[in-house]
1. Do any of Lys120/Lys273; Lys109/Lys141; Lys215/Lys296; Lys54/Lys295 go past 32 Å between their Cα atoms, and which?
2. By DSSP, what percent of the beta bridges with both residues in the chain are antiparallel, rounded to the nearest 5?
3. Can you compute the helix-only [θ] at 222 nm over the chain? Use -39500 (n - 2.57) per DSSP H run of at least 4 residues, normalise by all residues, nearest 500 deg cm²/dmol.
4. List the GluC sites (Glu not before Pro) within the range 165-259 that DSSP assigns to loop and that have no more than 16 neighbouring Cβ atoms inside 10 Å.
5. Suppose every K and R has +1 on its Cβ and every D and E has -1 on its Cβ; what is the size of the dipole of the range 123-182 about the Cα centre, in Debye to the nearest 20?
6. List the trypsin sites (Lys or Arg not before Pro) in the range 1-71 that DSSP assigns to loop (not H, G, I, E or B) and whose Cβ has at most 16 other Cβ atoms within 10 Å. Which are they?
7. For the range 50-113 and the range 190-211, write down the distance between their C-alpha centroids in whole Å.
8. How large is the dipole of the range 78-118 about the Cα centre if only Lys and Arg carry +1 and Asp and Glu carry -1, each at its Cβ, rounded to the nearest 20 debye?
Amino acid sequence: MQETCARQLAIIGATASGKSALSLHIAEKHNAVILSLDSLAIYREIDIASAKPKPSERQNIPHFGIDLLAPDETFDVIRFIELYREARQRSLEESRPLIIVGGSSFYLKTLLEGISPLPKLDSRNLTRLKELMNDPVNVYKILKTTDPSYAARIASTDRYRIEKGLHILLATGIPPTEHFRRYPPQSAITGPLPLYEIVRERDELRRRIRLRTEKMLSAGLIDEVADLEWRYGRYPNPMRAIGIREVLDYFDGRLDRRELEEKIVVHTARLAKRQETFNRSQFASVIRGDIDILKKKIEEFLQK
C-alpha cells in the first residue's frame, strides 16, 4: 500500500488552544486514526486533570495513547515511538489518515529526529545505576568530567538525560557523545508529516485556560485527585502535573478554594507560554494559524 493512501499530520499548540476539538472534527470527517501526543492522557483514571476527550467523543474514532497505563506505571519516549508505529500501521492497513495531536511536543520532536538505541545494562550495572541516581547532582558532576560536551548540552536538573548519560557510561565505558556519534539517531516517521500549530491571542488563550479550569473543578477535579492520592500516593510522576499538584497543596492547607483555582490558571498559562516557545524554537517548518485557517489547510492537504 502506498504512503499516499494514508496521509499523516500533526496538530500542535498551547494547552487549551483547541487541539483536541480540531482533531476530533477532522478525524470524524475523514475517518482518521488519532495518536495522542499527551503525557498525561496516557494514564487511566486521570480524566479531568488531563482534559482528555470523553469516551463518547472518541467512540467512533480509533485512538492510540489514551488510557493505556495506571498512574504508577512509567511512560517514556521509547513507548511513544512504539505507539506511533502501532497507530501508523493501523492507518496504513485501513487506508485512513493519521492525526498526531497534543501538547507534549518533546515527544513529537524525538519522533521526527529519532533516538539512538541505548545499550543493555547487566544486572550489576543496573543496580549501580539505581544507586548512583539517588544523587543526580553528583552524577552530573561525573558527566562533566567524563564528557564535558554532553554535560554542556543538558541542564544540571535534567534527570532524564543525566540518567541516560550514566546508562551509556556504565554499559559501554565510552562517553555518551562518542556513543551517539557511533550510533546516530534515525527518525521513526514514515512519509511526510506536515505540522499545524493553532495560534491564539494571549488574552483569548488566558480566557480559555480560566474557563477550562472552572469546568475541571466543577466536573470533580478535587475528588479525582483525592481518589488518585488514596490509590497511588504522591510519588508517581503524574501526581506532579498541573491541576493535580495544586489540589494536593489545597489538601495540605496551603491554598484556599479561590487560590486553588487561581494557581491552576497561572501555572497553566506559564505552561502554555513554554509550549509556544518550544514549538517556535524546535520546529523549522510549521503551518500556523487560527482554527478556521488550519481547518482549511488540513482539508486541502487531505484532499490532495
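Every number here is computed from the coordinates shown, using simple stated rules; none is lab data. Quick caveat: nothing in here was measured; it's all calculated off a predicted structure. When we count neighbours, we look across all protein chains shown, and the Cβ atoms used for this are built from the backbone with ideal geometry, even at glycine.
1. Check vs 32 Å cut-off fails for Lys120/Lys273.
2. 5 percent
3. Helices in the chain give a 222 nm mean residue ellipticity of -17000 deg cm²/dmol.
4. Glu201
5. 100 debye
6. Taking the range 1-71 and a limit of 16 other Cβ atoms within 10 Å, the loop trypsin sites (Lys or Arg not before Pro) found are Arg44.
7. Computed from Cα coordinates, the inter-centre distance equals 18 Å.
8. 60 debye
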